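Each remark here refers to the structure printed beneath this line.
The values are calculated or read from the model by the stated rules, or taken from the named source; none is laboratory data. Remember, predicted model here, so these are calculated numbers, not experimental data. In this analysis, Cβ positions are derived from the backbone assuming ideal geometry, glycine residues included, and neighbour counts consider all displayed protein chains. All accessible areas refer to the heavy atoms of the entire protein, side chains included, with ligands and DNA or RNA removed. Shrake-Rupley method; radii C 1.70, N 1.55, O 1.52, S 1.80 Å.
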Amino acid sequence: MLKRGPALRLAFLACGAAALALFLGRFPWREVPAVLARANLAILGLALVVNLGSLVAKGWAWWFLLQPAAKCRWRTAQEANLIGAAMNTISVTVLGETARVQDLAIREGIPIGAVAASVVRVRAVEALALAGFMLLAPAALPLPPLLHGLQITGGALVLALVAAAWSGRRARLLERIPAKVRAVLTSVTETGSMRTFVPALLLALVNWVALWATYQLVLSAFGIGVPLAASFTALILTNLSGLFRLSPGNVGVTQAAMIVALLPFGVRPHEALVAGLALQAVQILPVLALALAAVSGRQLAARAARGAA
């Protein structure tokens with residue numbers, strides 16, 4: 001007899017497979033080419049540039065948080081961040097984070113532990129920025145009820161993270177929370193001085209705003225006229241769906257999240273699917289190309305140096 005755990009897992013997978021088969025069988029695939037045909041390449045190009053800007057902001061925030069513990073060059077941090085992002089698009093694990101840490105540590109001669117700690121800190125700062133983003137944006141946007149609870153959660157997370165950041169290690173205000181949550185919050189207090197924390201937080205906010213603009217531009221590129229609240233909802237839900245990576249780059253899961261997020265705004269499923277595919281093309285393909293160019297450039301430079309020697 002199967003134990004309860006494996007049996008429930010098999011039942012869940014079977015139900016998921018049946019639901020997926022039903023969805024794929026009834027999906028209006030014939031209408032997808034018509035949506036693709038109305039793509040505005042100029043707007044998609046602009047979305048590509050804006051998305052790369054969000055990646056630069058993320059790498060810049062990481063560089064700021066590295067400075068107190070390990071000095072490094074801005075360009076090297078950007079290249080390591082780019083390579084890590086590229087690895088994340090082709091894996092279902094944290095392989096990108098490992099590649100990011102190893103690349104920077106080797107090129108700059110920095111202890112791996114210091115670089116790994118900085119990655120944890122930058123993720124905490126990004127979480128703080130996202131929480132603030134979720135708290136402030138709904139005040140000006142008419143959002144569906146689905147996000148109301150998330151707004152409250154985001155506000156609570158903002159308060160907790162700000163308390164941790166301002167209390168420091170000596171003021172033990174957060175000892176009663178779970179150890180795993182406390183470890184994330186403590187990482188914010190270890191970001192160094194406010195000279196590094198504030199710019200990193202602002203750049204993390206720029207990253208989220210740029211990502212929001214990317215979503216809105218992609219939707220506009222296909223003539224999907226929706227308010228900013230729709231792209232904001234899609235941004236939040238697709239990022240939440242990325243917490244559990246089921247495929248390389250979360251392909252498929254992102255499209256499903258886009259469909260669910262845009263349904264309350266009257267966007268038809270086939271339009272949301274096309275927008276989701278275009279979004280990932282804008283986010284993945286240029287990053288892979290740039291990372292490959294960076295690695296190839298290093299190899300050519302190394303060969304040239306060996307030849308000169």
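General remarks:
- The stretch 41-54, residues that are in contact with a helix residue (DSSP H, G or I) (Cβ under 7 Å, 6 or more places away or on another chain) and either of a type in the set (Val, Ile, Thr) or open to solvent by less than 60 Å² (accessible area, probe 1.4 Å) (or both): Ile43, Leu44, Ala47, Leu48, Val50, Asn51, Leu52, Gly53, Ser54
- Residues considered: Ala57, Ala99, Ala86, Ala105. Of these, the only one that is over 18 Å from Leu203 (Cβ atoms), in contact with a Leu (Cβ under 6 Å, 6 or more places away or on another chain), among the aliphatic types (A, V, I, L, M) and surrounded by 16 or more Cβ atoms within 10 Å (Cβ to Cβ) is Ala86.
- Scope the stretch 60-75; condition part of a helix (DSSP H, G or I) and open to solvent by less than 30 Å² (accessible area, probe 1.4 Å); matching residues: Ala61, Trp62, Leu65, Leu66
- Scanning the stretch 83-107 for residues that are in a helix (DSSP H, G or I) and aliphatic (A, V, I, L, M) gives Ile83, Ala85, Ala86, Met87, Leu95, Ala99, Val101, Leu104, Ala105, Ile106.
- Ala85 vs. criteria of a type in the set (A, V, I, L, M, F, W, C), at pLDDT 80 or above and either under 17 Å from Ala293 (Cα atoms) or more than 18 Å from the chain's Cα centre (by Cα) (or both): yes
- Matching option when the condition is surrounded by 10 or more Cβ atoms within 10 Å (Cβ to Cβ), without any contact (Cβ under 8 Å) to a residue 12 or more places away in the chain and within 19 Å of the chain's Cα centre (by Cα), among Ala293, Ala304, Ala275, Ala281: Ala281
- Only one entry in Ala57, Ala7 is modelled with pLDDT under 80, farther than 25 Å from Gly223 by Cα, in a helix (DSSP H, G or I) and of a type in the set (Gly, Ala, Ser), namely Ala7.
- Just so you know, in the stretch 241-264 the residues that are β-branched (Val, Ile, Thr), within 15 Å of the chain's Cα centre (by Cα) and not in a loop (DSSP other than H, G, I, E, B) include one that is modelled with the lowest pLDDT, and it is Val253.
- Filter result for Val267 (in a loop (DSSP other than H, G, I, E, B) and either open to solvent by less than 10 Å² (accessible area, probe 1.4 Å) or free of Cβ contacts under 8 Å to residues at least 12 places away in the same chain (or both)): yes
- Qualifying residue in the stretch 205-223 (condition: outside any helix (DSSP H, G or I) and either at pLDDT below 85 or of a type outside the set (A, V, I, L, M, F, W, C) (or both)): yes
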